[in-house]
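The values are calculated or read from the model by the stated rules, or taken from the named source; none is laboratory data. Computed from a prediction, not measured in an experiment: that's the story for all the values here. Remember, those area values only see protein heavy atoms, side chains included, never the ligands or the DNA or RNA. Shrake-Rupley method; radii C 1.70, N 1.55, O 1.52, S 1.80 Å.
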Amino acid sequence: MPWEETHQARQERLLRQMNGNPRVAYMLQHGPVPHWVKVARQHREQKAREARQATEARTELTETEPQPTVRTRGRHRAPRRWWGWPATALGATLLLGQTALETLGASLAPDIGIPI
């Protein structure tokens, strides 16, 4: 009959063997690690593997395709100011309209009798 030991005896034997291990010391101080920690680690490792595979696939595609000669603008640059020229054009149009109205008003006002 094989040698059988209880769960408690096995755990104590393994803890003696792993004396000095920082993870074991943490477990003894704070208790065993919850299941969600293990699941979160597995998800992180899976996402890292997928990202690494995507990067390798992208690298293989870029090596086979010719490189573009025109560099595209990056997203990190600030957008151009759109209000510079349109604001100037709008102001010039309003000034021209006011001048035209004053000219027409000066010539029509004496006949109509509207003070300007």
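Some points to look at:
- For T99, the conditions (1) modelled with pLDDT of 75 or more; (2) polar (S, T, N, Q); (3) open to solvent by 90 Å² or more (accessible area, probe 1.4 Å) are fulfilled apart from (3).
Conditions (1) among the hydroxyl-bearing types (S, T, Y); (2) at pLDDT below 85, marked per residue:
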| residue | (1), (2) |
| --- | --- |
| V24 | no, yes |
| L28 | no, yes |
| P32 | no, yes |
| Q42 | no, no |
| T72 | yes, yes |
| H76 | no, yes |
| R81 | no, yes |
